[in-house]
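The values are calculated or read from the model by the stated rules, or taken from the named source; none is laboratory data. None of the values given here were measured: they were computed from a predicted structure. Cβ: placed from backbone, ideal geometry, glycine included. Neighbour counts: every protein chain shown. Just so you know, the surface numbers come from the protein's heavy atoms only, side chains and all, with ligands and any DNA or RNA stripped out. Shrake-Rupley method; radii C 1.70, N 1.55, O 1.52, S 1.80 Å.
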Amino acid sequence: MEKRVLSRMFTFDAAHRITSHPGKCRSLHGHTWRVEIRVEGSIDPKTGMVMDFFDLGRIGKTLFEATWDHSAILAKWDPLVAVCQEIQSRLVLVEQEPTSETLAGVVRDYFQRYLPLEIRLVSVRLWETSNCSAEVVLEA
């Protein structure tokens, strides 16, 4: 049976820092991040769609707008965590350095948890800048 692939883009603004980086990325800095989610599935004969773009957007909106937008994304051991908590800044904690590669993996895990069972996540691509991105590609 033929499968079709859908793509949805999201953007959010957030800061991060990479504590182990020897250069300027060790300092807290921000980006306008862009994320592309690609999913695959069979076309529903009743709707003519794999999935409604609105539903895919709703999943992403919960993560990106409600949680990550205008936050500091930090490793849970980063000393800046205490400062952000003290000043009640929006904060997202991750298990590893908050690199593009790590964040793409977090996004993958999130979407896999909330997508309908009949929809398969194909890839997550996360742009830190207009010309630098990390991608997680899932095998079929």
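Kindly establish whether Phe53 is under 21 Å from Leu74 (Cβ atoms) and not small (Gly, Ala, Ser). In short, no.
Quick check on my filter: what residues within region 112-140 are part of a helix (DSSP H, G or I) and polar (S, T, N, Q)? Steps first, answer last, please.
As a first pass, look at region 112-140 and keep what is part of a helix (DSSP H, G or I): 112-114.
Of everything in region 112-140, just one residue is part of a helix (DSSP H, G or I) and polar (S, T, N, Q), namely Gln112.
Restricting attention to region 121-140 and to residues that are of a type in the set (Asp, Glu) and open to solvent by 50 Å² or more (accessible area, probe 1.4 Å), the residue that is nearest to Thr99 (Cα to Cα) turns out to be Glu135. If you go through region 104-120 and keep only what is hydrophobic (A, V, I, L, M, F, W, C) and more than 13 Å from the chain's Cα centre (by Cα), you end up with Leu115, Leu117, Ile119.
In region 1-111, counting only strands (runs of 3 or more DSSP E) that sit wholly within it, the ones holding 2 or more residues that are open to solvent by 20 Å² or more (accessible area, probe 1.4 Å) span 4-16, 29-41, 91-94.
All conditions in (1) in contact (Cβ under 8 Å) with a residue 40 or more places away in the chain; (2) of a type in the set (Gly, Ala, Ser); (3) touching a strand residue (DSSP E or B) at 6+ places or on another chain (Cβ under 7 Å) hold for Ser42, with the sole exception of (3).
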